[in-house]
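To keep things clear, I will list the structure first and then write my remarks on it.
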Amino acid sequence: MTPNPRQAQLLDEVRARGSMSVEALAERLAVTLQTVRRDVKLLSDDGLLARFHGGVRVPSSTTENIEYLQRQLLNERAKQCIARAVAAAVPAGCSLIINIGTTTEAIARELLHHKGLRVITNNLNVAAILSGNPDCEVIVAGGIVRSRDRGIVGEVTVDFIKQFKVDIALIGISGIEADGTLRDYDYREVKVARAILEHSREVWVAADHSKFNRPAMVELARFDQVDMLFTDAAPPAPFPALLAQAGVNCVTCTEDAP
């Protein structure tokens, strides 16, 4: 189909944010909920959007993530909001493991003025950012460097992580499916992330609203392995019930938060 001007604007709004609720789209476009639902059905039937309960998202592959530079820009303000909330909760003088992802890189920027941190990471971008904090000791994992995003993966990385036991794991994730599984695309990256979870006293997950109902191929963890979830909007159903059942403390920030 060739979208009309309203449908083209709807597509632009969703692509800029990764996902949106039907209510938010209706408000943004100044049209009725019925109009949005009709347009969403037409666009999703044509493969231009993917629907989930209460909203719509950019269609995505279960086997391959979108490009790193595009991920940097996608939901940038939401990631900054989440990063501020996470950094505010990180105490001075603690040990962290920070994994691969543009959200965790945003968190690293917010930790630049923290005191007495010891950070282990398999993300060269995180290491480069936090090297600018003279009060932070940065330890970089060994392994294979992925050229597309400077993430470090492989069996050597897993073995390296297993040497440590840290206070907090700060984990970014590609998708959270409706059964409460946290998922990603690269099996090697997931193996490292699983080792990080096992060698951390607390697990904090940072995920913007677009990650809910986003499919990915490899299961990384389940909610009952997570202590805190930081996000920028109230999770849609069925996630609140799943989070409560698993005992996860869900922290929701707002983009206009200080």
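The values are calculated or read from the model by the stated rules, or taken from the named source; none is laboratory data. This one's a predicted model, so the numbers in the text were calculated from it and none came from an experiment. With ideal geometry, Cβ positions are generated from the backbone for all residues, glycine too; neighbour counts draw on all protein chains shown.
Computed quantities for the displayed model
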read-out	value
Residues that are surrounded by fewer than 17 Cβ atoms within 10 Å (Cβ to Cβ) and touching a residue at least 24 places away in the same chain (Cβ under 8 Å), drawn from region 143-154	I144, R148
Qualifying residue in region 181-198 (condition: in contact with a Phe, Trp or Tyr (Cβ under 9 Å, 6 or more places away or on another chain), small (G, A, S) and in contact (Cβ under 8 Å) with a residue 60 or more places away in the chain)	no
Any chance A207 is buried (at least 23 other Cβ atoms within 10 Å of the Cβ), within 19 Å of M20 (Cα to Cα) and not basic (K, R)	yes
Every residue from region 114-142 that is of a type outside the set (S, T, N, Q), surrounded by 15 or more Cβ atoms within 10 Å (Cβ to Cβ) and assigned to a loop (DSSP other than H, G, I, E, B)	H114, A141
Qualifying strands (runs of 3 or more DSSP E) (wholly inside region 209-258; at least 2 residues being closer than 15 Å to A83 by Cβ)	228-231, 249-252
Filter result for D12 (touching a residue at least 40 places away in the same chain (Cβ under 8 Å) and acidic (D, E))	no
Test: V86 is modelled with pLDDT of 90 or more, part of a loop (DSSP other than H, G, I, E, B) and touching a helix residue (DSSP H, G or I) at 6+ places or on another chain (Cβ under 9 Å)	no
Failed item, numbered, when F230 is tested on (1) farther than 16 Å from T104 by Cα; (2) at pLDDT 90 or above; (3) of a type in the set (F, W, Y)	(1)
Scope region 89-106; condition out of contact with any helix residue (DSSP H, G or I) (no Cβ under 7 Å at 6 or more places or on another chain) and assigned to a helix (DSSP H, G or I); matching residues	A89
Counted residues, region 163-180 - those being within 13 Å of the chain's Cα centre (by Cα) and either part of a strand (DSSP E or B) or at pLDDT 95 or above (or both)	5
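The rows are residues; the columns are (1) more than 27 Å from V158 (Cβ to Cβ); (2) touching a residue at least 40 places away in the same chain (Cβ under 8 Å).
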| residue | (1), (2) |
| --- | --- |
| V205 | no, no |
| A216 | no, yes |
| L229 | no, no |
| D232 | yes, yes |
